[in-house]
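Asker: Have a look at this one before I ask anything.
The values are calculated or read from the model by the stated rules, or taken from the named source; none is laboratory data. Small disclaimer: the values here were computed from a predicted structure and weren't measured. Note that each Cβ is placed from the backbone with ideal geometry, even for glycine, and that neighbours are counted across all protein chains shown. Surface accessibility is based on the protein's heavy atoms, side chains included, excluding ligands, DNA and RNA. Shrake-Rupley method; radii C 1.70, N 1.55, O 1.52, S 1.80 Å.
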Amino acid sequence: MRLSVVGCGYLGAVHAAAMAELGHDVVGIDVDARKVAQLSRGEAPFFEPGLQELLLAGLRSGRLRFSADPAALSSADLHFIAVGTPQLSGGAGADLSYVDAAFAQVLAHGKDGDIVVGKSTVPVGTVERLSGTIGRDAPRVTLAWNPEFLREGHAVADSLTPDRLVFGVAGGSRDDAAAAALAQVYEKPLRDGTPLIVTDWATAELVKVAANAFLATKISFINAMAEIAEATGADVTQLADAIGHDARIGRRFLNAGVGFGGGCLPKDIRAFQARAVELGLAETVVFLDEMDKINLRRRSRVVELAGELLGSGPAGRRVAVLGLAFKPDSDDVRDSPALEVACALRAAGAEVVAADPHAAANARARDPELVTVDSADEALVGAELVILLTEWREFTELDPERTAALVSGRRIIDGRNVLDPEAWIGAGWQYRGLGRR
Ligand code: UGA
């Protein structure tokens, strides 16, 4: 099939490459000419395991190309909208200006019979609104929403072998032209047994926000238990293991620590609340406000613990921060708990030296005064306190004895609860996890 993907960020770049891998002829469109040039050379503009190889394979096959000219989409018959929907500056809602602009571009360069499929995360009601903006002179297109569930760090596998597919089409009927076209786009994963839900626009929009709200709730729930554990001497890791054995609860996404960040979960729960207010349903999702607060409290808790461990507070003290990305296998620092803690400690006067295998440059772009080094060892030399905030393997595998020889004070905060407390305490360290005994 001839496809276009409008927007080549985390979502669009991976989606375009994955669609070419599935055998389609794909043009990726982005307003950023530098990004287009990079992608056209087969260079991933961000760190995502496996993406580089997928891009190169697509480019070599001749089925994948990128363009900064929106007119290039006219060569395709089905157009994916994969632009960002960040949090509005100065508000909690989603900024839909990129979606609106991408949709207008598709209408400007598309033709009668084309299918327009949104992948971006949007507030419920957006597709209905967009369909209402189609002018009389615009081409007659069919509109659908096909939410994306890919996780950064696993984006390639999640795109090629998704755990489910959701097609939101007008009226929710499988007979809809867009449903039939999407079934052809995803013919391979569907043949391999990927579950498919064909539904209406509103449900498809809601599925995505509900999924992220649920995941955020699960993480904040266990972090609330961590607060209780801290006050009572209980251990949240063992608690999670014990409740996680109940198949109805499940152990995944029950890792207590410094909490969730990134370009999705935090802004999605805020946009969901903003939309609920518009719908007169503020009370229905008021719990998400608590989830957000629990999550943000974990960041201040780490700063507080740092002060406690250092005795006289962080001012003038050398602190090694291990990790800046919002999670491992990503260079993304958007709303990263690790970066926020590093900046807060620096603001409190600490001499912070941070290391991250892939996110240091992005972190410095946000906070040019942040001191970053290339390796954990460099950050550790002379540190009076070590704080692990992103669970990259090279940090989780640190040896307590060897690390002790580098630092000037054996104090460690395990912000992701991934180290073995006994081993570290046994090597003479003062160890603090979050909600851990
Ligand atoms: C999330 C969803 O998991 C994807 O399904 C969704 O497609 C994506 O958002 C999106 O909307 O585009 P992602 O932002 O890549 O994916 O990250 P997650 O793996 O969900 O992790 C989010 C945050 O939660 C990270 O900061 C992570 O460290 C934290 N986390 C995760 C915990 O603190 N505890 C856990 O048990 C799990």
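Asker: What is the magnitude of the charge dipole of the chain about its Cα centre, with +1 placed on the Cβ of each Lys and Arg, -1 on the Cβ of each Asp and Glu, and no other charges, expressed in debye to the nearest 20? Could you put the intermediate results ahead of the total?
Answerer: On the way: 45 positive and 59 negative charges, 39 e Å.
With Lys and Arg at +1 and Asp and Glu at -1, about 180 debye.
Asker: Give the long-range amide H neighbours of Leu385: residues separated by 5 or more places, or on another chain, with amide H under 5 Å away, using H modelled in the peptide plane at 1.01 Å from N.
Answerer: It is Ala320, by chain and number.
Asker: When ligands, DNA and RNA are left out and all protein chains stay put, how many square angstrom of accessible area per residue does the chain have with a 1.4 Å probe?
Answerer: 42
Asker: Same structure again: What is the distance, in nm, between label points placed 7 Å from the Cα along the Cα-to-Cβ direction at Asp163 and at Ala348?
Answerer: Going by the 7 Å Cα→Cβ label model, 3.6 nm.
Asker: With n ≥ 4 as the cut-off for DSSP H runs, can you work out [θ] at 222 nm for the chain, using -39500 (n - 2.57) per run divided by the number of residues, rounded to the nearest 500?
Answerer: Rounded to the nearest 500, it is -13000 deg cm²/dmol.
Asker: Return an integer: the convex hull volume of the alpha-carbon atoms of the chain, in Å³ per residue.
Answerer: Cα convex hull per residue, to the nearest whole number: 152 Å³.
Asker: Now, a different point. Considering only the chain, what is the antiparallel percent among its DSSP beta bridges, to the nearest 5?
Answerer: 5
Asker: Next question. Distance between the C-alpha centers of region 24-60 and region 229-291? Whole Å please.
Answerer: 34
Asker: With the cut-off at 18 Å, tell me which of the pairs Lys208/Lys267; Lys208/Lys327; Lys267/Lys293; Lys188/Lys208; Lys35/Lys188 have Cα atoms farther apart than that.
Answerer: On the way: Lys208/Lys267 13 Å; Lys208/Lys327 20 Å; Lys267/Lys293 13 Å; Lys188/Lys208 22 Å; Lys35/Lys188 29 Å.
Going by Cα-Cα distance, Lys208/Lys327; Lys188/Lys208; Lys35/Lys188 fall outside the 18 Å limit.
Asker: Tell me, what is the percent relative contact order of the chain, built from C-alpha pairs under 8 Å that lie six or more residues apart? All intermediate terms of the calculation are to be shown ahead of the outcome.
Answerer: Numbers: 913 pairs, mean separation 51.7, N = 437.
The normalised contact order for the chain reaches 12 percent.
Asker: In region 2-199, what % of DSSP beta bridges are antiparallel (nearest 5)?
Answerer: 10
Asker: Still on this model: Say the dipole of the chain comes from +1 at the beta carbon of Lys and Arg and -1 at that of Asp and Glu; which of Val341, Thr390, Ala33 then lies farthest toward its positive end?
Answerer: Projecting each Cα onto the dipole axis, the largest value belongs to Ala33.
Asker: Give me the distance in nm between label points sitting 7 Å out from Cα along the Cα-to-Cβ direction at Arg34 and Ser300, one decimal.
Answerer: Label at Arg34, label at Ser300, 3.6 nm between them.
Asker: So, one more: Please give the direction-averaged projected area of the C-alpha convex hull for region 2-199, in square nanometres with one decimal. Can you show the working numbers first?
Answerer: Values: hull surface 43.2 nm².
That works out to 10.8 nm², a quarter of the Cα hull's surface.
Asker: With a cut-off of 8 Å between alpha carbons and a minimum separation of six or more residues, what is the relative contact order of region 2-199 in percent? Write out the running numbers ahead of the final one.
Answerer: On the way: 378 pairs, mean separation 37.8, N = 198.
Worked out over region 2-199, it gives 19 percent.
Asker: Any chance you could check the Cα centroid distance between region 204-221 and region 80-135 for me, in angstrom?
Answerer: After rounding, the separation between the Cα centres reads 21 Å.
Asker: I need the phi-derived Karplus couplings for region 129-146: 6.51 cos²θ - 1.76 cosθ + 1.60, θ = phi - 60°, integer Hz, Gly and Pro marked x.
Answerer: 4, 4, 4, x, 8, 6, x, 5, 8, 6, x, 7, 10, 9, 10, 9, 10, 10
Asker: Related question: Per-residue HN-Hα couplings for region 242-255, Karplus 6.51 cos²θ - 1.76 cosθ + 1.60 at θ = phi - 60°, whole Hz, x for Gly and Pro?
Answerer: 5, 6, x, 5, 6, 4, 5, 9, x, 8, 6, 6, 10, 8
Asker: In a shell of Cβ-Cβ distance under 10 Å around Ala342, excluding Ala342 itself, what net charge do Lys and Arg (+1) and Asp and Glu (-1) give?
Answerer: -2
Asker: When the Karplus curve 6.51 cos²θ - 1.76 cosθ + 1.60 is applied with θ = phi - 60°, which whole-Hz ³J(HN,Hα) does each residue of region 383-398 get, with x for Gly and Pro?
Answerer: 6, 8, 8, 10, 10, 8, 10, 10, 7, 4, 4, 4, 8, 5, 9, 4
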